[in-house]
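The values are calculated or read from the model by the stated rules, or taken from the named source; none is laboratory data. Model, not experiment: these values are computed from the prediction. Cβ: placed from backbone, ideal geometry, glycine included. Neighbour counts: every protein chain shown. The area values use the complete protein model at the heavy-atom level, side chains included, leaving out ligands, DNA and RNA. Shrake-Rupley method; radii C 1.70, N 1.55, O 1.52, S 1.80 Å.
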Amino acid sequence: MMFKGMELITSVFGRKSFLKRKDSDAGEAARALEELRGSLYNELRTSEGAKRQQQRLCGPVVALTFNFLVSVGIIMGNKLVMGKVGFNYPILLTLIHYTSAWLLLAVLKALSLLPPSPPTKTTPFSLLFALGAVMAFASGLANTSLKHNSVGFYQMAKIAVTPTIVVAEFILFRKIVSFYKVLALAVVSVGVAVATVTDLEFNMFGACIAIAWIIPSAINKVLWSDLQQKRNWTALALMWKTTPITIFFLVALMPWLDPPGALSFKWNLNNSMAVLISALLGFLLQWSGALALG
């Protein structure tokens, strides 16, 4: 009887000890999880940490694939909107794109999901202002070129942006591209040119717009790349800072490049959905392009 009593006491105390160890292990696991959450939260609250997270989650292959798919989609979508739908106002369409993007970014900002910007002193406002202005001309003229040219001619003009980027980087940052990169870019450019040459339709006004679009498009890409790679900007944070400037310049461009009659456009359900889908693709294009350049 006494032996059974000792067994009972040992069993009770052993069980209590086991429960204490179990609680202790659970507490340590909870503390470790909380520390992990805290470190992740603190990292995301700095521009350097947010940039590192962006690079971890979206590597070059993912970013380039994302950008490629969206680029194809928006070219087809915008051509449909300005052709079949009859929305012949490319600058207004671009303005709708950037306004929609700014509203989406404002929602992310309100939900505290927008990555922080680097300290103001690290990036002069003049540089952000220049990027916003150049972006307005690059995007606005791109859609105007797409309206007045065939997809093939639009792609041919886009090819010309590549060597212009190389020249712009050399002029602005004295960056020299290796011979092998030049050779690779030349091969890709010739390949795309051969694939699209059968769709060329020459239009004098459209050709002038396409030529005017090349330089701001190249400078736009160079500045996006430089700000992300050297100044710790993330794609979304840079979009948040520059989009209002871009919207301002697009409003100024509308009277010069858009035909009159925008207020008479029929905003029925089908037309509105087509424009909104184009706006969503416009946001994804800007974001994916920024990720790729980063």
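Would it be correct to say that K147 is crowded, with 17+ Cβ neighbours inside 10 Å, among the charged types (D, E, K, R), farther than 17 Å from K241 by Cα and touching a Pro at 6+ places or on another chain (Cβ under 6 Å)? Yes. Look at L80 and say whether it is touching a residue at least 24 places away in the same chain (Cβ under 8 Å) and open to solvent by less than 60 Å² (accessible area, probe 1.4 Å). No, not satisfied.
The set of residues in region 213-271 that are among the β-branched types (V, I, T) and closer than 30 Å to V167 by Cβ comprises I214, I215, I219, V222, T234, T242, T243, I245, T246, I247. Scanning region 97-153 for residues that are outside any helix (DSSP H, G or I), hydroxyl-bearing (S, T, Y) and either under 18 Å from the mean Cα position of the chain (by Cα) or over 27 Å from A212 (Cβ atoms) (or both) yields S112, S117, T123. So, T65, is that one at pLDDT below 85, among the polar types (S, T, N, Q) and open to solvent by less than 30 Å² (accessible area, probe 1.4 Å) or not? Judged against the criteria, T65 is not a match.
Restricting L172, L141, L146, L183 to residues that are of a type in the set (A, V, I, L, M, F, W, C) and at pLDDT 85 or above narrows the list to L141.
Would you confirm whether any residue within region 159-169 is closer than 23 Å to L263 by Cα and within 23 Å of the chain's Cα centre (by Cα)? No: zero hits. Based on this model, can you work out whether S126 counts as open to solvent by 30 Å² or more (accessible area, probe 1.4 Å), at pLDDT 80 or above and either under 21 Å from A290 (Cα atoms) or among the acidic types (D, E) (or both)? Here the answer is yes, as S126 does meet what is asked.
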